[in-house]
Amino acid sequence: MGLLDSVTSMLGSSGAGEEPGTSHSILAAALEYVNQQPGGVTGLVQQFEQNGLGGVVSSWVGNGANQPVSPDQVQSVLGDGAINSIAQKAGVSPDQISTVLSQVLPHLVDKATPNGEVPQGGTVDSTSVLSALGGLFGKQA
């Protein structure tokens with residue numbers, strides 16, 4: 001199952017009415033959030049470290065396997081304001097976005113930190129990251 005399938009499943013896809021762009025919207029909203037943090041990816045990494053999840057986020061930046069993060073941990077690290085903002089921009093409910101971000105953020109940070117290094121300036125090139133993540137989506141039917 002690709003990342004797109006996972007995201008669609010987490011959103012409770014009803015099939016006929018589900019927009020294929022929803023997953024892209026979630027990724028775009030998450031990227032925008034990361035880039036708006038003071039320090040970009042560095043700021044996001046610091047948020048996870050300050051909330052006791054330094055080992056988890058370090059695995060996303062590093063070259064090894066990405067450790068999982070729970071929806072509750074994402075909610076705790078980002079806070080209600082950020083969750084609501086990302087959900088609104090992505091067009092999904094706040095309840096859904098923590099679950100989706102728990103799956104998306106490890107991949108996003110991993111793809112944004114090639115060779116285990118945070119990009120200079122901390123901002124993420126959304127075009128290259130979305131392109132890299134697109135390979136995880138698999139083919140649309």
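3J(HN,Hα) couplings calculated from phi for region 92-109 with the Karplus curve 6.51 cos²θ - 1.76 cosθ + 1.60 (θ = phi - 60°) are, in sequence order, 10, 6, x, 4, 6, 5, 4, 5, 5, 5, 5, 8, 7, 4, x, 5, 4, 5 Hz; Gly and Pro show x.
Every Cα-Cα pair in region 24-127 was counted, and those over 23 Å apart are 15% of them. Residues whose amide H comes within less than 5 Å of that of residue 62, counting only those at least five positions distant or on another chain, are absent (H built at 1.01 Å from N in the peptide plane).
Each value in this text was obtained by applying a stated rule to the coordinates, not by laboratory testing. Nothing here was measured: the structure is a model prediction, and the numbers come from that model.
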